[in-house]
Amino acid sequence: MILTPIPAETMPEALATFERLLAGKPLPLAAFRRIAATWPVPGGVDTPEQRAEAVRLAHAHGIGTLDEPPNASFMWDGEVIRTDVESTVIVHEVAHWLVAAPERRALYDFGLGPGPETTLRKEARSQQKLTFEDCMHEEQQTSLLGVLWEAELGQPAILAFLEQNWMERWERESTAAFFIRHVEELFTRGLIDAEGRPSTARAWADQRADERMRAA
């Protein structure tokens, strides 16, 4: 939930200000520009095509999926992502898989405790491996990587960026510093490249980008 909604008429100022606060930081600036380029949102949100592309993203990483809602069990049960949800949620879950330590990929909800879609909460809590603080840090990393993947897929990444409060208090240097820290950590971990693009499944991503350009 957005803590402080940014009116549409204020978005150009907010984006320009945030960009200025990233001056001198080429990597975070490149990552932010990829996200900001999805504003304004020209087409539909959570379309069947976007959901299908999110599922293809999972498969490109070798992640299993199941076309059913997660509200009877788990979003991730250690084997499959349930995909009868919004496209942005599917992409976010792929990012969870990428960010999680490999040994936690076989656990309910990646060993983070129950996610918002999970209803078997006791079972998910029984496999939680991280402290609250570490869970929050991993959630932040996942959030930003998911947003960057949405931008990579040509989906409205700016909406997830706002929804997950990356621009809360957009005029403050501390907000930009928080973003910078997480971008640089994703780069250090090899999850994005020096241009702010997700670095995994690159051959697939490049092919999909070429297909979108030809169709435009």
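The values are calculated or read from the model by the stated rules, or taken from the named source; none is laboratory data. The model shown is predicted, which means the values in this text are computed figures rather than measured ones. Heads up, the Cβs are rebuilt from the backbone with ideal geometry, glycines too, and the neighbour counts pull from every protein chain shown. All accessible areas refer to the heavy atoms of the entire protein, side chains included, with ligands and DNA or RNA removed. Shrake-Rupley method; radii C 1.70, N 1.55, O 1.52, S 1.80 Å.
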Simple Cβ-charge dipole of the chain, Lys/Arg +1 and Asp/Glu -1, about Cα centre, in debye nearest 20: 380 debye
Gyration tensor over alpha-carbon atoms, segment 1-85, equivalent ellipsoid semi-axes in Å: 33, 17, 13
Pair-distance profile P(r), taking every C-alpha pair of the chain, with 10 angstrom steps and integer %: 8, 34, 37, 19, 2
Kyte-Doolittle mean at least -0.5, axial Cα span of 24 Å or more - DSSP H helices of the chain: 132-152
Paired Rg and Dmax values of segment 69-120, which use every Cα atom, in angstrom: 9.9, 27
Top positive-direction residue, dipole computed over segment 114-192 with Cβ charges, set Met136, Gln164, Thr175: Met136
Per residue, in Å², the accessible surface of the chain once ligands and nucleic acids are set aside, probe 1.4 Å: 49 Å²
Rg over Rh [alpha-carbon atoms, Kirkwood Rh] for segment 157-216: 1.08
Zero-based 5 Å bins, Cα pair distances in segment 47-87, whole percents: 6, 26, 33, 24, 9, 1
Charge dipole (segment 1-90, unit charges on Cβ, about Cα centre) - positive-most of Gly62, Ala52, Phe18: Phe18
